[in-house]
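The values are calculated or read from the model by the stated rules, or taken from the named source; none is laboratory data. Predicted model only: the values in this text are computed from it and were never measured. Note: ideal-geometry Cβ built from the backbone for every residue, glycine included; neighbour counts use all protein chains shown.
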Ligand code: ADP
Ligand code: MG
């Protein structure tokens, strides 16, 4: 059993490494994908279309594999630093803008003038925002507005994302967050589950409300540090 213990320790070390690598690779990959799509849209009369198509589907495959690698990770302590959520949201939005523009989607960002910092793993929170914004973009196939509001509440910061997409019927809403549940042809069904895990490990909460045909509102709550360290 000593041996078994060592094996499982090794596995979880490998899992943590896999998750770390996956996080690091996914963000630049999202930028690559966005700009590749931009290139696609600007290519004249089908120029290089085949190559671009192959690159896009291979990039998607890398992303799916990374998502699955993420699943290997056991929750583990990571370095928490001060995060300014308004700045983090802005940087993720810049990253996602090429892809959004391609789908006639505009961002409307509203933020309290002084959003207090929170403590967290910024790469993980960034990943959550990417997952949620991606879902919103994918829900608005004929364009629309994605509103993101960042608000200070009494004991937490709330990030609200409201899309004008297809919405989620109740029977599907019940299954959301289950691993591998997807309604998309090339979905992984891991985005929300991973996001929920990350937010929970930060002591926060993720809440989804939706009306089919109208849109979806996702709320992320992240706790503020205790007041004495964070007076306004
Ligand atoms: P994936 O995006 O790979 O399908 P997710 O875990 O991110 O996996 O989402 C699971 C499912 O939840 C999606 O397939 C979709 O049906 C639904 N969903 C999530 N976000 C939205 C949204 N903003 N609008 C409509 N449906 C959504
Ligand atoms: Mg998703």
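Tell me yes or no: at least one residue of the range 19-33 is at pLDDT 90 or above and part of a strand (DSSP E or B). No - not one qualifying residue is present in the range 19-33. Just one of the listed residues (97, 82) is surrounded by fewer than 17 Cβ atoms within 10 Å (Cβ to Cβ), more than 16 Å from ligand 2 (Cβ to nearest atom) and assigned to a helix (DSSP H, G or I), namely 97.
Residue 189 meets all of the listed conditions (1) over 19 Å from residue 65 (Cβ atoms); (2) under 14 Å from the mean Cα position of the chain (by Cα); (3) within 7 Å of ligand 1 (Cβ to nearest atom) but one, namely (1). Is one or more of the residues making up the range 196-219 exposed (fewer than 12 other Cβ atoms within 10 Å of the Cβ) and within 24 Å of residue 99 (Cα to Cα)? Yes, the range 196-219 contains a residue that is exposed (fewer than 12 other Cβ atoms within 10 Å of the Cβ) and within 24 Å of residue 99 (Cα to Cα).
Going residue by residue through the range 105-116, is there one that turns out to be on the phi < 0 side of the Ramachandran plot, within 15 Å of ligand 1 (Cβ to nearest atom) and modelled with pLDDT of 90 or more? Yes, that holds for at least one residue.
Tell me yes or no: at least one residue of the range 164-175 is under 25 Å from residue 112 (Cα atoms) and at pLDDT 85 or above. Yes - at least one qualifying residue is present in the range 164-175.
The lone criterion from (1) away from ligand 1 (no atom under 16 Å from the Cβ); (2) crowded, with 19+ Cβ neighbours inside 10 Å left unmet by residue 146 is number (1). The residue list 159, 176 contains one member that is within 15 Å of ligand 2 (Cβ to nearest atom) and either part of a loop (DSSP other than H, G, I, E, B) or closer than 26 Å to residue 98 by Cα (or both), which is 176.
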